[in-house]
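Heads up, the thing below is written out as structure tokens.
The values are calculated or read from the model by the stated rules, or taken from the named source; none is laboratory data. The structure presented is a predicted model; accordingly, all values stated were derived computationally and were not measured. Every residue, glycine as well, gets a Cβ built from its backbone with ideal geometry; the counts of neighbours run over all protein chains shown.
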Amino acid sequence: MSELNAPRPDSLETYATYAPWEAYQRPYVRDLAYVLACPNVLTQWLDVTPHQNTHAISVHSAHFWQQQFEGYQQRLKELDTTNAYQALTRYLLKRPSPNRLGFHFEGLLSFWLKDGFARRLHPYETLANNVQLFNGKQTTGELDLILYNHAENLVEHWELAIKFFMGSAPFAPENWVGINSNDNLQRKMTHMQTKQFCTVWIDTENHGQVSIDKRYGVIKGRFFLPINTKGFDYPTWLTPSFPMHKWCDKYDKLNLAKINIDTLRAAHYIEWFSKRDFYDDRQSPIINSENGILKTGLYFAGDRPIVIYPKLRDGAGDKF
């Protein structure tokens, strides 16, 4: 049985503790493996604006991403064990804002697309990326990736999002909320559908003007269930193999008592992707608020990620 389709244990101690990207030692290689092996959060695109005339949007299946990961495994091993790693690090670090999670995600996928196409590991040729949209002289948006699919002879627009959302009942798209409480899954899909995916023609630097034939929403990341959730029933739109962990209300003394807070390590920002073991010995004291409440954010209990977050009330949380 593939790790991506393995059954999920319910206990906090064993919940989602293994994933195939953890087999890699070098941090950026592990991140790249995670970006490929992680499926799309959606099993199908949800039409969140049914009363507007928008284009059809597709999502890649979990099987598609598993194939891409498996097809790139030999290259991942090479990047993880040889000086080829330098090509990946140079590519990522020369990109704008490499320390921002969204840009890091885009950089990892862009590297795989260009490197994999050059090695004939997939059929996607990059025609353009970060295409600016204008209304007159005013910038109105940006398109992430314009690709030519040589297997199907189609120009494809891939719009990317990396999301780390905390869920609350009834677990509809608007109930999955980010650390920034203004961010939720439904809002992100609405923006993609009504803004980026409205474009029909693109002017490219090397390929002239091209017409978009197909649109894909690529939304990956990690989701976090309330710590006391038992027997979670996946909505039909939520991919069962999507990385799922737990979050705990920072004011929930009963459930916090089940966690050995003294062993928690606050995560560095990049560790939303994958844990960096070299930070383990540099642990600074857990930061509490003045009344002794844990600071909102991502922590590790051993290798298991857990988010400390204020209770979700009408989609509200705090920011950090």
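Return the total of residues in segment 20-41 being among the polar types (S, T, N, Q) and touching a His at 6+ places or on another chain (Cβ under 9 Å). Let's see the steps before the verdict.
The first filter runs over segment 20-41 and keeps only residues among the polar types (S, T, N, Q), leaving 25, 40.
Narrowing the set further to residues that are touching a His at 6+ places or on another chain (Cβ under 9 Å) leaves 40.
Summing the residues that are among the polar types (S, T, N, Q) and touching a His at 6+ places or on another chain (Cβ under 9 Å) in segment 20-41 gives 1.
Give the residue, chosen from 267, 257, that is among the aliphatic types (A, V, I, L, M), touching a Leu at 6+ places or on another chain (Cβ under 6 Å) and at negative phi.
Step by step, each of 267, 257 is checked, and only 267 is among the aliphatic types (A, V, I, L, M), touching a Leu at 6+ places or on another chain (Cβ under 6 Å) and at negative phi.
Tally the residues that are of a type in the set (Lys, Arg) and under 30 Å from residue 60 (Cβ atoms), restricting the search to segment 241-276.
Filtering segment 241-276 down to residues of a type in the set (Lys, Arg) leaves 246, 250, 253, 258, 265, 275-276.
With the extra rule that they be under 30 Å from residue 60 (Cβ atoms), the set shrinks to 246, 275-276.
Residues in segment 241-276 being of a type in the set (Lys, Arg) and under 30 Å from residue 60 (Cβ atoms): 3 in total.
Find the residue count for segment 33-56, including only residues that are at pLDDT 95 or above and closer than 19 Å to residue 185 by Cα.
9
Is it fair to say residue 172 is more than 23 Å from residue 116 (Cα to Cα) and not basic (Lys, Arg)?
Details: more than 23 Å from residue 116 (Cα to Cα): yes; not basic (Lys, Arg): yes.
The answer is yes for residue 172.
What residue, of 125, 106, is free of Cβ contacts under 8 Å to residues at least 60 places away in the same chain and buried (at least 19 other Cβ atoms within 10 Å of the Cβ)? Before you say what the answer is, go through the steps one by one.
Values: 125 fails: buried (at least 19 other Cβ atoms within 10 Å of the Cβ).
Testing whether each residue is free of Cβ contacts under 8 Å to residues at least 60 places away in the same chain and buried (at least 19 other Cβ atoms within 10 Å of the Cβ) leaves just 106.
Before we move on, is residue 99 farther than 14 Å from residue 26 by Cβ and either within 19 Å of the chain's Cα centre (by Cα) or among the small types (Gly, Ala, Ser) (or both)? Let's see the steps before the verdict.
Values: farther than 14 Å from residue 26 by Cβ: yes; either within 19 Å of the chain's Cα centre (by Cα) or among the small types (Gly, Ala, Ser) (or both): yes.
Yes; evaluated as a whole, the condition is true for this residue.
Taking the stated definitions as given, is residue 99 surrounded by fewer than 19 Cβ atoms within 10 Å (Cβ to Cβ) and part of a loop (DSSP other than H, G, I, E, B)?
Details: surrounded by fewer than 19 Cβ atoms within 10 Å (Cβ to Cβ): yes; part of a loop (DSSP other than H, G, I, E, B): yes.
Yes, satisfied.
The conditions are (1) in contact with a strand residue (DSSP E or B) (Cβ under 8 Å, 6 or more places away or on another chain); (2) of a type in the set (Val, Ile, Thr); (3) in a loop (DSSP other than H, G, I, E, B); (4) within 26 Å of residue 50 (Cβ to Cβ), and residue 218 fails exactly one of them. Which is it?
The failed condition is (3).
In segment 183-199, which residue that is assigned to a loop (DSSP other than H, G, I, E, B) and without any contact (Cβ under 8 Å) to a residue 60 or more places away in the chain is farthest from the chain's Cα centre (by Cα)?
Our first condition is that a residue be assigned to a loop (DSSP other than H, G, I, E, B); within segment 183-199, this holds for 183, 195, 199.
Now narrow it down to the ones that are without any contact (Cβ under 8 Å) to a residue 60 or more places away in the chain: 183, 195.
Numbers: 183: 14, 195: 20 Å.
Checked segment 183-199; the qualifying residue farthest from the chain's Cα centre (by Cα) is 195.
Let's see how each residue does on (1) loosely packed, with under 15 Cβ neighbours inside 10 Å; (2) under 27 Å from residue 305 (Cβ atoms); (3) of a type in the set (Asp, Glu):
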site	(1), (2), (3)
185	no, yes, no
203	yes, no, yes
208	yes, no, no
227	no, yes, no
238	no, yes, no
243	no, yes, no
251	yes, yes, no
254	yes, yes, no
257	yes, yes, no
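Filter segment 52-76 down to the residues that are assigned to a loop (DSSP other than H, G, I, E, B) and under 22 Å from residue 86 (Cα atoms) and list them by number. Outline the logic, then answer.
Step one: list which residues in segment 52-76 are assigned to a loop (DSSP other than H, G, I, E, B), which gives 52-57, 59-61, 72.
Passing the criteria: only 72.
With the condition kept exactly as written, say whether any residue in segment 118-134 is among the hydroxyl-bearing types (Ser, Thr, Tyr) and within 19 Å of residue 202 (Cβ to Cβ).
Residues of segment 118-134 that are among the hydroxyl-bearing types (Ser, Thr, Tyr), as a first pass: 124, 126.
Those left that are additionally within 19 Å of residue 202 (Cβ to Cβ): 124, 126.
The answer is yes, given that some residue of segment 118-134 is among the hydroxyl-bearing types (Ser, Thr, Tyr) and within 19 Å of residue 202 (Cβ to Cβ).
So which residues in segment 239-266 are polar (S, T, N, Q) and at pLDDT below 90, if there are any at all? Give the steps one after another, and end with the answer.
First pass over segment 239-266, keeping only residues polar (S, T, N, Q): 239, 241, 255, 260, 263.
If the condition is that a residue be polar (S, T, N, Q) and at pLDDT below 90, then 260, 263 are the ones that fit.
In segment 33-51, how many are in a loop (DSSP other than H, G, I, E, B) and of a type in the set (A, V, I, L, M, F, W, C)?
Going residue by residue through segment 33-51, those that are in a loop (DSSP other than H, G, I, E, B) are 38-41, 43-51.
Retained after the next criterion (residues that are of a type in the set (A, V, I, L, M, F, W, C)): 38, 41, 45-46, 48.
Total satisfying the criteria: 5.
Of everything in segment 178-215, what is closer than 30 Å to residue 246 by Cα and acidic (Asp, Glu)? Give them in sequence order.
183
What is the number of the single condition among (1) over 30 Å from residue 233 (Cβ atoms); (2) touching a Pro at 6+ places or on another chain (Cβ under 9 Å); (3) at pLDDT 95 or above; (4) not in a loop (DSSP other than H, G, I, E, B) that residue 151 does not meet?
Residue 151 satisfies all of (1) over 30 Å from residue 233 (Cβ atoms); (2) touching a Pro at 6+ places or on another chain (Cβ under 9 Å); (3) at pLDDT 95 or above; (4) not in a loop (DSSP other than H, G, I, E, B) except (4).
Looking at residue 276 and the list (1) buried (at least 17 other Cβ atoms within 10 Å of the Cβ); (2) within 20 Å of residue 24 (Cβ to Cβ), which single condition is not satisfied?
(1)
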